[in-house]
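J.: Got a structure for you, written out below as structure tokens; questions coming shortly.
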Amino acid sequence: MSFEPSLAALAPKLRGKLAAEVELAPFTWFRVGGRADALFSPADDDDLSLFLKGLPAEIPVTVIGVGSNLIVRDGGVRGVVIRMGGRPFGSVETTLDRRVIAGAAALDAQVARTAAEAGVDGLAFLRGVPGTIGGALRMNAGAHGGEVKDTLIEARGYDRSGVLRVFSNAEMGFSYRHCGAPDDIFFTRAVFQGRPGEKALIFAEMDKITAARESSQPIREKTGGSTFKNPPGHKAWQLVDAAGCRGLVLGGAQVSEMHCNFLINRGGATAADIEALGEEVRRRVRETSGVELEWEIKRIGVAP
């Protein structure tokens, strides 16, 4: 196990964990994909800033969360992969004025629960969003009638040169499943504004969301989040179903029979199997409906 020389020189200055040649498949819900040249888990904001400031500009950097909405290609990811975890990135707290402050590594569902415990309404929709707040910011995640843009006050993160940047809701440039913040911003924290609510009613709403997910989505499988964005005026799953793709198999990958906007690793699938199956679904939908489906799942890395 060895580092590129500039990383080896930087490593002793860091308090977080920096490792070379790390398998990324265990960090994704699909359980597929190759290695990262290096994986860095910063100890806190200052550690992240120090790392980015000391990292040569030519080394690419990719950030991942819990891998719920991610395909890592089989050839792995060049450069450094950053994965935040633990405190302070996983912390969630509420304030008396019904704000919720969440680290980028906090699970969306945990943010929803913490808000509900404090009688803060408006964030229950996050119970239906897999993944972490960092990913939710990057894609304006939403479910069950709510989106990040509805409650976000500000997001904080560091740019590629290690400088802190703060974005207001308007500066995030939100649209459907999209954030207009620069791609080289590595989010570390978000502040949301909730509203007064009754704890019991909020938890009842979250229970309904949980029941809906469990009855309609293959959450017990090796899968990701929704594969494709809903095109204007359409539901992606309906287009996939109408194209005859429900249950379609390619290698070790399959279109879920329970919800056909989900792909499944049936066991032994490669990242190439899953991505190729998604592309075949897109082709069939294009031929049958004329609609071009867009990937919602993020795909990173290189083919072997």
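J.: Please list 3J(HN,Hα) in residue order for the range 143-154, calculated via the Karplus relation 6.51 cos²θ - 1.76 cosθ + 1.60 where θ = phi - 60°; whole Hz, with x for glycine and proline.
T.: 5, 6, x, x, 9, 4, 4, 6, 10, 5, 9, 7
J.: A further question on this structure: When the accessible area of the chain is computed with all protein chains present and a 1.4 Å probe, what percentage of it is carbon and sulfur?
T.: Numbers: 6790 of 13490 Å².
Roughly 50 percent, rounded to a whole number.
J.: Taking θ = phi - 60°, what integer Hz values does the Karplus form 6.51 cos²θ - 1.76 cosθ + 1.60 yield along the range 94-104, in sequence order, with x for Gly and Pro?
T.: Rounded to whole hertz, the list is 10, 10, 5, 8, 6, 8, 10, 10, 10, x, 5.
J.: Just the number please: accessible area per residue for the range 48-112, 1.4 Å probe, all protein chains included, in Å².
T.: The answer is 39 Å² per residue.
J.: Residue 216 to residue 9: FRET efficiency via 1/(1 + (r/R0)^6), r the Cβ-Cβ distance, R0 35 Å, to the nearest 0.05? Could you put the intermediate results ahead of the total?
T.: Values: r = 51 Å, r/R0 = 1.46.
Computed FRET efficiency for residue 216 and residue 9: 0.10.
J.: Pull up all non-local amide H partners of residue 261: gap of 5 or more, or a different chain, and H-to-H distance under 5 Å with H placed in the peptide plane.
T.: Residues meeting the amide H criterion: none.
J.: Taking 7 Å along the Cα-to-C-beta vector as the label spot, tell me the residue 93-residue 170 distance in nanometres, rounded to one decimal.
T.: Going by the 7 Å Cα→Cβ label model, 2.9 nm.
J.: Shifting gears a bit: Say the cut-off is 21 Å between C-alpha atoms; which of 208/229; 149/229; 222/298; 208/298; 17/53 go over it?
T.: The answer is 208/229; 208/298.
J.: A follow-up question, please. Under a crude label model (7 Å from the Cα following the beta-carbon direction), how far is residue 246 from residue 276 in nanometres?
T.: Using points 7 Å along Cα→Cβ, the separation is 2.6 nm.
J.: Quick query: amide H of residue 81 versus all other amide H atoms, modeled in the peptide plane; which residues come in under 5 Å with a sequence gap of 5 or more or a different chain?
T.: It is 38, 39, 40, 62, by chain and number.
J.: Round to the nearest 10 and report in Å² the accessible area of residue 207, as given by a 1.4 Å probe over the protein chains' heavy atoms.
T.: Here the residue's solvent-accessible area equals roughly 100 Å².
J.: Oh, and also: Within the chain, which is the longest segment that contains none of the trypsin sites (Lys or Arg not before Pro) sitting in a DSSP loop with at most 12 other Cβ atoms within 10 Å? The partial results should precede the final answer.
T.: On the way: sites that count: 15, 220, 235.
It runs 16-219.
J.: Let me cross-check residue 219: its accessible surface, 1.4 Å probe, with only protein heavy atoms counted, in Å² to the nearest 10?
T.: The accessible area comes out at roughly 50 Å².
J.: Restricting to DSSP loop positions (anything but H, G, I, E, B) with no more than 15 other Cβ atoms inside 10 Å of their own Cβ, which chymotrypsin sites (Phe, Trp or Tyr not before Pro) remain in the range 149-185?
T.: Answer in residue order: 176.
J.: I would also like to ask the following. Using +1 on the beta carbon of Lys and Arg, -1 on that of Asp and Glu, and nothing else charged, what's the dipole of the chain about the Cα centre, debye to 20? Don't skip to the answer; put the middle values down first.
T.: On the way: 37 positive and 37 negative charges, 41 e Å.
For this selection, approximately 200 debye.
J.: Rolling a 1.4 angstrom probe over the protein heavy atoms, how many square angstrom per residue are accessible across the range 182-304?
T.: Heavy-atom SASA per residue in the range 182-304 reads 50 Å².
J.: Follow-up. Quick query: amide H of residue 154 versus all other amide H atoms, modeled in the peptide plane; which residues come in under 5 Å with a sequence gap of 5 or more or a different chain?
T.: 191
J.: Excluding ligands and nucleic acids, what accessible area in Å² is computed for residue 81 using a 1.4 Å probe, to the nearest 10?
T.: Counting only protein heavy atoms, the figure is 0 Å².
J.: Another one. Step through the residues of the range 5-16 one at a time and calculate ³J(HN,Hα) from phi using the Karplus curve (6.51 cos²θ - 1.76 cosθ + 1.60, θ = phi - 60°), rounding each to whole Hz and writing x for Gly and Pro.
T.: x, 5, 6, 4, 6, 7, 3, x, 7, 9, 9, x
J.: Find how many whole Å separate the alpha carbon centroid of the range 234-287 from the alpha carbon centroid of the range 1-68.
T.: The distance from the Cα centre of the range 1-68 to that of the range 234-287 comes to 32 Å.
The values are calculated or read from the model by the stated rules, or taken from the named source; none is laboratory data. This is a predicted model, so every value here is computed, not measured. FYI the Cβ positions are ideal-geometry reconstructions off the backbone, even for glycines, and counts take in every protein chain you see. Quick note on the areas: whole protein, heavy atoms, side chains included, nothing else; ligands and nucleic acids left out. Shrake-Rupley method; radii C 1.70, N 1.55, O 1.52, S 1.80 Å.
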